[in-house]
């Protein structure tokens, strides 16, 4: 074999590799850009995603989570590099900012923010959105934790959070199984200035208040579907709706004749925002997503499909914005949850408060 032929034989693998790469270049160039979204159920439905993909010639990869703990775990596992944008409530947002997982947002790049209701455009007035003078979250959806009541069992709608403690309703009340929220709920019922910061002198009163609640309720639920089943099968009169109008919608769909009110003392409310992750590389694409989420037809689905509120239009029914306590970080999550575990186990105040 001549030297020329021998050299060609030796170089054949390299030649084929180069030819393959050249042939693949058009396909690689045609690959759509990718947007990686970490979200909650109902925030980015399949039809909503398809329309965004069509408009922008991109591919969207949506990952769903079902708890704050799962969200934190997914985002911290890679330091925020695995996603471009995610949804989180204002009470949790500071954790992500502190961990360097969230990036600031330029409001000028999100024209549809002008569509938002004035109370949501005033981002400086919403705790947790602004840090160091920069915006870190775009308000998207919310729910207030109102009271759902059986119309047949009330001559007139209950108007106070203290109805949950009404002894005449003993065994006909449902409440949420969560220490963090329930201590805040107790504080509201006791007239505290803030439900999120218990002082050393307030713990005993809050514990006793929650023990009284335990004695008055039939059960503490965790998931919305569970609350619907308990409500219908046990003739419940009053429900503390941790999931707000989502539960109202589910109960009415199940045939229950129920009403919904915001207590005169106010109630807890969560506000979820879209946040830019540290892993976001294509900011124009991310900004396009944030802007798209604030379009009327997209935000409107939060109301019609999920029973949630959106930030661009008033939802049907009373929202009582001036009486909402937007969730904030509490003084000690661990202590609240530990004491709550003791409370629902049946312990008396002395044992609950014991070291």
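List of remarks:
- Residue in the stretch 219-237 that is free of Cβ contacts under 8 Å to residues at least 40 places away in the same chain, under 21 Å from residue 347 (Cβ atoms) and surrounded by fewer than 18 Cβ atoms within 10 Å (Cβ to Cβ) present: no
- Boolean, residue 118 is surrounded by fewer than 14 Cβ atoms within 10 Å (Cβ to Cβ), outside the structural domain of residue 259 (by TED's automatic domain parsing) and at pLDDT below 95: yes
- Taking the conditions (1) in contact (Cβ under 8 Å) with a residue 40 or more places away in the chain; (2) over 27 Å from residue 152 (Cα atoms); (3) more than 16 Å from the chain's Cα centre (by Cα); (4) not in a loop (DSSP other than H, G, I, E, B) in turn, residue 314 satisfies each one other than (4).
- Some residue of the stretch 44-62 being over 16 Å from residue 278 (Cβ atoms), at pLDDT below 90 and part of a loop (DSSP other than H, G, I, E, B): no
- Flag for residue 79 being touching a residue at least 40 places away in the same chain (Cβ under 8 Å), more than 19 Å from the chain's Cα centre (by Cα) and in the same structural domain as residue 282 (by TED's automatic domain parsing): yes
- Residue that is surrounded by 18 or more Cβ atoms within 10 Å (Cβ to Cβ) and either in contact (Cβ under 8 Å) with a residue 12 or more places away in the chain or closer than 30 Å to residue 203 by Cβ (or both), where the choices are 258, 333: 258
- Just one of the listed residues (285, 302) is within 21 Å of residue 38 (Cβ to Cβ), in a helix (DSSP H, G or I) and modelled with pLDDT under 95, and it is 302.
- If you check 75, 113 for being surrounded by 14 or more Cβ atoms within 10 Å (Cβ to Cβ) and either assigned to a loop (DSSP other than H, G, I, E, B) or in contact with a helix residue (DSSP H, G or I) (Cβ under 6 Å, 6 or more places away or on another chain) (or both), only one passes: 113.
The values are calculated or read from the model by the stated rules, or taken from the named source; none is laboratory data. Keep in mind the model is a prediction, meaning the values are calculated, not measured. Using ideal geometry, Cβ is built from the backbone for each residue, glycine included, and neighbour counts are taken over all protein chains shown.
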